[in-house]
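The structure appears right after this line, and notes come after that.
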Amino acid sequence: MPTGAELRGFLHGLPGVDQVGADERAARLGTRSIKTTAKARAIDLAISMLDLTTLEGADTAGKVRALCAKAVRPDPAQPDAPKVGAVCVYSDLVGVAVDALRGSGIGVASVATAFPAGRAPLEAKLADTRAAVAAGAAEIDMVIDRGAFLAGDYLKVHEEIVETKRACGDAHLKVILETGELRTYDNVRRASWLAMRAGADFIKTSTGKISPAATPPVTMIMLEAVRDFRDATGRTVGVKPAGGIRTTKDAIKYLVMVNEVAGPDWLTPDLFRIGASSLLNDLLMQRRKLATGVYSGPDHFTLD
């Protein structure tokens, strides 16, 4: 385990982010166009990368079962449409989702560690994690203590990630940075490296509960971080932007960014996920349009 001084020295020794340059590069990447055949492949890839998500206080077992049915067969009119990457729910509904998805090959992700604020004693966070894993969660989405990070208590954040990773057992750990609260791009880079050094399998932008959530420049900085981390350590970490990605056009922009910044190795659901609830319907509408030439309105699809 590193000391607090060692962590501070390492994190503050990372190259600073040129904010203007990062914004400009992300904007340029967003202007790339792709041809129709590539668009069809990109839509299917984006569907396969979705963490279909419901994280509301009013969630019910029935809503989760309906979401799982849609995850397995997103568009009954097009049975060749791919399944989504995972279904993400609160920890108390993991068992419902596991039962509904049994035999489908789709894993269940669960938010834990006092999501979304992360304000709870460590033992409560670990108990939440263990309960989700015991119920069958294959992935845990934890939130870092942003207050500790912004106060410079990097060791506390590091230790909580290490302990949560241990509590995950065989489940993968996604570490949510809540980038909208980190204030600077330099902090996004530091938090990304801190999470990866502590054992994260994925780094994730946001809870989706505050604004701004995922943005192209922040995601680009995180993609640079996982690329550089693999160059430095040999270990490959995934990236998950979450919140605010609602259209096919937005999703394709992110896929272009993945390819251009991190590289084609990350163009797989094993290493890139999109956290969304409303995006799937738009992807399905565009998929039908490419296949039939006819645009189907949103009332042709179930509401998430």
Report yes if some residue within the range 228-235 is outside any helix (DSSP H, G or I) and open to solvent by less than 30 Å² (accessible area, probe 1.4 Å); otherwise report no.
-> no
Hey, among the residues in the range 10-46 that are exposed (fewer than 15 other Cβ atoms within 10 Å of the Cβ), among the small types (Gly, Ala, Ser) and modelled with pLDDT of 95 or more, which one's nearest to residue 216 (Cα to Cα)?
-> 27
Can we say residue 169 is within 26 Å of residue 59 (Cα to Cα), without any contact (Cβ under 8 Å) to a residue 40 or more places away in the chain, in contact with a Lys or Arg (Cβ under 9 Å, 6 or more places away or on another chain) and surrounded by fewer than 23 Cβ atoms within 10 Å (Cβ to Cβ)?
-> no
Would you check which residues across the range 253-270 are open to solvent by less than 20 Å² (accessible area, probe 1.4 Å) and either among the β-branched types (Val, Ile, Thr) or not in a helix (DSSP H, G or I) (or both) and list them?
-> 258, 261, 263
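Quick one: in the range 104-127, which of the residues that are of a type in the set (Ser, Thr, Tyr) and outside any strand (DSSP E or B) is least open to solvent (accessible area, probe 1.4 Å)?
Once the filter is applied, the top-ranked residue is 113.
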Check residue 33 against each of (1) in a loop (DSSP other than H, G, I, E, B); (2) within 30 Å of residue 93 (Cβ to Cβ) and name the one condition it does not meet.
-> (2)
Of the residues that sit in the range 41-65 and are under 17 Å from the mean Cα position of the chain (by Cα) and hydrophobic (A, V, I, L, M, F, W, C), which one is nearest to residue 284 (Cα to Cα)?
-> 47
Taking the range 66-100 as the region of interest, how many residues are within 16 Å of residue 287 (Cβ to Cβ) and more than 21 Å from the chain's Cα centre (by Cα)?
-> 8
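The values are calculated or read from the model by the stated rules, or taken from the named source; none is laboratory data. Small disclaimer: the values here were computed from a predicted structure and weren't measured. In this analysis, Cβ positions are derived from the backbone assuming ideal geometry, glycine residues included, and neighbour counts consider all displayed protein chains. For the accessible areas, the whole protein counts, side chains as well, though only heavy atoms, and no ligand, DNA or RNA atoms are used. Shrake-Rupley method; radii C 1.70, N 1.55, O 1.52, S 1.80 Å.
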